[in-house]
Ligand SMILES: C[S@@+](CC[C@H](N)C(=O)[O-])C[C@H]1O[C@@H](n2cnc3c(N)ncnc32)[C@H](O)[C@@H]1O
Ligand code: SF4
């Protein structure tokens, strides 16, 4: 698919970290329904845990995450107490001792909880759940505020993977996003992690940032590869100032135009695959021996609210302000504001305020979109057969794909739909053709490319 054709079809569509997406959440899912869902989980089954820490030392203007500036150690201590209370309630409802396939500490910047907070939270997780050598314990790190002593804490609490925010190494871009982080800072954080044996390291980069040029991105990619992380995520900058108010500090005139973004997306893929990384899904790259790369090669890649994962399909329990849980019955999201979150927990109720119960249509479409986002291919006839639908069930969506078929971006043969290598940048657009909620939705999204 050439650049002109892709630019012509590009539009704002969801990132499909779930289907239905958070834009479809309503107040129909509340604390009571969420508790019923937890209680109905099949006894003794594995689960995965995500804890959201919405605090950072300073705010980056480009960031679309739900975060605020850390005010005091007391605030962190209170927040840990709330997370622990939420864990106690969950354990009461799902039963003790369930095996955790994964624990993800995300945010925000979870290391802001401090060593005492991180240790206390981990003890509480260990009290209620079973963690073993197969459990991946991952944490997001801001290299600017990371020290060898914090690395020692992470080792002590059993962290197996760390994810470092970098975004771009150019001073001009760093100033434009209010995030000053010389290359040595990132290198030192990695050294500190490796020194304590945490060598599964991810780096997050972003293309399409203010003042960023393709040359700057190439330099950033080269410097990142020199640090030898096991995974590199390169997200397209999502400019959503109506949602992330801090992005109003970024002048739109400084953002790369659509053609430059497209060039950046292409150069990222060719640079990183040329450097020996395997392309995974729409925005990840991993060394061939990384579990994510192995999962992708074996068709076991999954996508959830935290992005791509090799963790098997188990219920995901989210704790903390704004955290989303993904249970067999549907999705439930906690209050975004920390005060609302705290108020609910203090009165011994869950903080669930929004969500979505999955309909049978949602499950079918969700399966198609997840396979397209992970494998760039889906067997539509097989999906129809397994759900008791006629093979014509997706005819309308397939019709909407006509321009992509014409451009050679998509191939459909005997019920097998595949996105070709030249169509990969259009993956979110192809998924959107199956999205039953998008046509009537008022929600605003970021550009697909
Ligand atoms: C929680 S942050 C990273 C951890 C840590 N707080 C830090 O900044 O180093 C998660 C990641 O989301 C990505 N991200 C945040 N806002 C984004 C946006 N508007 N568009 C694209 N990616 C974004 C960034 O790559 C960022 O590193
Ligand atoms: S990029 Fe990280 S440090 Fe910056 S505001 Fe977002 S979560 Fe906080």
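Can you tell me which residue is surrounded by the most Cβ atoms within 10 Å (Cβ to Cβ) among those in region 157-173 that are within 14 Å of ligand 2 (Cβ to nearest atom) and over 18 Å from the mean Cα position of the chain (by Cα)? Step through it out loud before you land on a result.
Kept after step one, since they are within 14 Å of ligand 2 (Cβ to nearest atom), are these residues of region 157-173: 162-168, 173.
After this cut, where a residue has to be over 18 Å from the mean Cα position of the chain (by Cα) as well, the list is 168, 173.
Numbers: 168: 28, 173: 22.
Within region 157-173, the match that is surrounded by the most Cβ atoms within 10 Å (Cβ to Cβ) is 168.
Among the residues of region 248-268, write down those that are assigned to a loop (DSSP other than H, G, I, E, B) and more than 30 Å from residue 422 (Cβ to Cβ).
Correct list: 250, 251.
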How about region 335-359: which of its residues are in contact with a strand residue (DSSP E or B) (Cβ under 6 Å, 6 or more places away or on another chain) and closer than 17 Å to residue 24 by Cβ? 352, 354, 355, 356, 357, 358
Could you check region 87-116 and list, in sequence order, the residues that are touching a helix residue (DSSP H, G or I) at 6+ places or on another chain (Cβ under 6 Å) and closer than 16 Å to residue 325 by Cα? 87, 91, 93, 94
Failed condition for residue 146, given (1) near ligand 1 (Cβ under 10 Å from one of its atoms); (2) within 29 Å of residue 252 (Cα to Cα): (2)
Check off (1) within 16 Å of ligand 1 (Cβ to nearest atom); (2) surrounded by fewer than 22 Cβ atoms within 10 Å (Cβ to Cβ); (3) without any contact (Cβ under 8 Å) to a residue 40 or more places away in the chain for residue 176 and give me the number that stays unchecked. (3)
The helices (runs of 4 or more DSSP H) lying wholly within region 1-97 that contain at least 1 residues that are more than 16 Å from ligand 2 (Cβ to nearest atom) and modelled with pLDDT of 95 or more are 31-39, 73-94
Pick from region 157-173, criterion farther than 18 Å from residue 216 by Cα and touching a strand residue (DSSP E or B) at 6+ places or on another chain (Cβ under 7 Å), ranking: farthest from ligand 1 (Cβ to nearest atom): 158
So for region 304-320 (the condition being at pLDDT 95 or above and either surrounded by fewer than 17 Cβ atoms within 10 Å (Cβ to Cβ) or more than 20 Å from residue 101 (Cα to Cα) (or both)), does at least one residue qualify? no
Scanning region 19-76 for residues that are over 18 Å from the mean Cα position of the chain (by Cα), within 16 Å of ligand 1 (Cβ to nearest atom) and within 18 Å of residue 87 (Cα to Cα) gives 76
Of all residues in region 391-449 being assigned to a strand (DSSP E or B) and in contact with a strand residue (DSSP E or B) (Cβ under 7 Å, 6 or more places away or on another chain), the one that is nearest to ligand 1 (Cβ to nearest atom): 447
Any idea which residue in region 227-247 is surrounded by the fewest Cβ atoms within 10 Å (Cβ to Cβ), counting only those that are more than 12 Å from ligand 1 (Cβ to nearest atom) and in a loop (DSSP other than H, G, I, E, B)? 242
Residue match in region 261-273 (condition: free of Cβ contacts under 8 Å to residues at least 24 places away in the same chain, outside the structural domain of residue 5 (by TED's automatic domain parsing), over 21 Å from the mean Cα position of the chain (by Cα) and on the phi < 0 side of the Ramachandran plot): yes
Among the listed residues 47, 29, which satisfies the condition of being surrounded by 21 or more Cβ atoms within 10 Å (Cβ to Cβ) and assigned by TED's automatic domain parsing to the domain that holds residue 338? 29
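The values are calculated or read from the model by the stated rules, or taken from the named source; none is laboratory data. This structure is a prediction, so every number in the text was calculated from the model and none was measured. Glycine also receives a Cβ, built like all others from the backbone with ideal geometry; neighbour counts cover every protein chain displayed.
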